[in-house]
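Colleague: Input: one structure, supplied below.
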Number of protein chains: 2
Amino acid sequence: MSARRTQAERRAATIAKLTDATIAVLADVGYAQASTKVICERAGCSQGALFRHFATRLDLVAEATLAIEARHLDRFATFFEGWGGKWPALAAFVRAQTRTPVHAAWREVVVAARTDVELRERVGPVLQRFETWLMAIPVRSLGAAPRRAEHAGMVFLSVLHLFDSEAGTAALHRNEELEAGRLRWAADILRREIAPD
Amino acid sequence: MSARRTQAERRAATIAKLTDATIAVLADVGYAQASTKVICERAGCSQGALFRHFATRLDLVAEATLAIEARHLDRFATFFEGWGGKWPALAAFVRAQTRTPVHAAWREVVVAARTDVELRERVGPVLQRFETWLMAIPVRSLGAAPRRAEHAGMVFLSVLHLFDSEAGTAALHRNEELEAGRLRWAADILRREIAPD
DNA sequence: CCACAAAGATAGCGAGCACTCCCTATCTGA
DNA sequence: TCAGATAGGGAGTGCTCGCTATCTTTGTGG
């Protein structure tokens, strides 16, 4: 059936299955309920296999966090390639991003890291790197004037924060009208504060 | 030492101690680590006492959530009494609120509720009520024109979302310069979009 | 004053947790 | 081809969890 694989390939495949499963489980049941047992069931491997590649559950989560970062970068980069300068589309994209399972998993990790020293030390640098990358987007991909790089970056990141928090509460209680108004307003903000004259 | 108290007083005092302790523990160690044992140690009572007044841990958390809501309303109301129309002060207040332990506890509950059906059913209505109350603030306390009530409410709530998400990541990684710029920008937004002409 | 009720403390239960031990299966290098 | 090495599986381990049973302490009503 399955072809012969090298040890390195088997190893990489199992690690990938585990990090993918971790992201999915974090999104589905949250950080506290994302037990190694559940993650292994999702990944289709045993706990013995998990602990061969990751010394602790925290190591696995930290690795999954890197995978989350990579997916975020990917999706943003792909979007900007095809972006035609339409600000409402940009706002809609940012909002959609904060509502993906991947972002839900990210939020679970960030919230958990606040009260977990070791996780914070592992995730903090990832967050910093990601924020720096996001801050550079307006000048790099949206045509913002370099002299306004700082302001434009702050605004872009702020809009992302805005939708991040909205997505967190939208899981509990929706208000379609409010959300629609906010989306239009965010598009205006982006255009007004980032677009070149 | 302690005077004689009625049963009703003892009951109310213990419940208050437990909800206060729950908020503090949620803020300190997060939802997952907020065990009944730790909460009882903080409250200075036994687990037996806890489970006399609350059937489940979830009941206790739900009760604590109501206490969180009450504290939030209190603080906002108190601030607006002494607010002198200074928009930077308003922005600073909103940001400070999102950085309090009480708000950290609130965020823990909201995040946990996303992946816990029962908690979501208990907390969802509280969130909805709180949002509605917040949306009414601009017209009620900030002098916004009633015909722009909806827009002004959306903007105010959006600024709160913005600082909520910022506070969540600020626990992992600070960027003083960015935060300062955002604070000034938020004050401008509030003035521009809410203040009467 | 005292029978009763309500509140609080203590010890412990079953379940699920992260993690380990040891075994088998698969791959590698000579 | 085969000894050694690496990957994966399965059955535990000790521990902590939410929760309960039972006992003692404190307040209540007649």
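The values are calculated or read from the model by the stated rules, or taken from the named source; none is laboratory data. Note that this is a predicted model, so its numbers are computed, not measured. As a convention, Cβ positions derive from the backbone with ideal geometry for all residues, glycine included, and neighbour counts pool all protein chains shown. What goes into the accessible areas is simple: the full protein's heavy atoms, side chains included, and nothing from ligands, DNA or RNA. Shrake-Rupley method; radii C 1.70, N 1.55, O 1.52, S 1.80 Å.
Colleague: If R0 is 35 Å, what FRET efficiency do you get for B:Ala92 and B:Glu118 from their C-beta distance, rounded to 0.05? Walk me through the numbers before you get to the answer.
Modeller: On the way: r = 37 Å, r/R0 = 1.06.
Computed FRET efficiency for B:Ala92 and B:Glu118: 0.40.
Colleague: Show that you can apply the helix-only estimate: for chain B, add -39,500 (n - 2.57) for every DSSP H stretch of four or more residues, divide by all residues, and state [θ] at 222 nm to the nearest 500.
Modeller: -26500 deg cm²/dmol
Colleague: Helix by helix through chain B, keep the DSSP H runs that span 18 Å or more along the axis on Cα and average at least 0.0 on Kyte-Doolittle, and give those back in order.
Modeller: What comes out of the filter, once short or polar helices are dropped, is B:7-33, B:57-82, B:101-114, B:149-170.
Colleague: Can you work out the FRET efficiency for the pair B:Arg140 and B:Arg184, with r the C-beta to C-beta distance and R0 = 30 Å, to the nearest 0.05?
Modeller: Rounded to the nearest 0.05, the efficiency is 0.75.
Colleague: Residues of segment A:74-108 losing 30 Å² or more of accessible surface, assembly versus chain alone, probe 1.4 Å, please list them.
Modeller: For segment A:74-108, once contacts with the other chains are taken into account, A:Glu108 lose 30 Å² or more.
Colleague: For segment A:41-123, rounded, prolate or oblate, judged on the Cα gyration tensor with a ≥ b ≥ c (square roots of eigenvalues), a/c < 1.5 rounded, else prolate if a/b > b/c?
Modeller: It is prolate, given that a/c is not under 1.5 and a/b is the larger ratio.
Colleague: While we're looking at this one, here's another question. Need one number for chain B: average projected area of the convex hull over its C-alpha atoms, nm².
Modeller: The number I arrive at for chain B is 13.6 nm².
Colleague: Continuing with this model, one more query. When chain A is treated as a GNM, springs tying every alpha-carbon pair under 10 Å, which of A:Ala13, A:Ala186, A:Ala49 comes out with the largest mean-square fluctuation?
Modeller: Comparing A:Ala13, A:Ala186, A:Ala49 in the GNM, the peak value goes to A:Ala13.
Colleague: Moving on to the next point. Would you give the gap between the C-alpha center of segment A:18-58 and the C-alpha center of segment A:91-120, rounded to a whole Å?
Modeller: Answer, in whole Å: 17.
Colleague: Using a 1.4 Å probe on the protein chains only, how many percent of the accessible area of chain B belongs to carbon and sulfur?
Modeller: Of the solvent-accessible surface of chain B, carbon and sulfur hold 52 percent.
Colleague: With a 1.4 Å probe, how much accessible area is buried between chains A and B, both sides summed, in Å² to the nearest hundred?
Modeller: Roughly 3800 Å² of accessible surface disappears when A and B pair.
Colleague: Right, here's the next one. May I ask you to work out the translational diffusion coefficient for the protein assembly as shown at 25 °C, viscosity 0.890 mPa s, via Stokes-Einstein with Rh from the Kirkwood sum over Cα pairs, reported in whole µm²/s? Don't jump to the answer; show the numbers that get you there.
Modeller: On the way: Rh = 22.7 Å.
Rounded, D is 108 µm²/s.
Colleague: State in Å² the accessible area per residue of segment B:1-64; use a 1.4 Å probe, count heavy atoms of protein chains only, and round to the nearest integer.
Modeller: Details: 3700 Å² over 64 residues.
Solvent-accessible surface per residue comes out at 58 Å².
Colleague: Still on this structure, please answer the following. So with the 1.4 Å probe, I'd like the accessible area per residue for segment B:132-197, rounded to whole Å².
Modeller: On the way: 2720 Å² over 66 residues.
Averaged over the residues of segment B:132-197, the accessible area is 41 Å².
Colleague: Gaussian network model of chain B, Cα springs within a sub-10 Å range: biggest mean-square fluctuation belongs to which of B:Leu183, B:Leu58, B:Leu172?
Modeller: Judging by the Gaussian network model, the answer is B:Leu172.
Colleague: Ignoring solvent entirely, what values of log10 I(q)/I(0) come out of the Debye formula for segment B:89-142 at 0.18, 0.25, 0.30 Å⁻¹ when each Cα is a single scatterer?
Modeller: Once normalised to I(0) and log-transformed, intensities are -0.73, -1.04, -1.12.
Colleague: Of A:Glu69, A:Glu118, A:Glu177, which is the most mobile in a GNM of chain A whose springs link Cα atoms less than 10 angstrom apart?
Modeller: For chain A, modelled as a Gaussian network with Cα springs under 10 Å, the answer is A:Glu177.
Colleague: Hey, what's the Kirkwood Rh for segment B:84-197 if you take every pair of different alpha carbons, in angstrom?
Modeller: Hydrodynamic radius (Kirkwood, Cα pairs) of segment B:84-197 is 15.1 Å.
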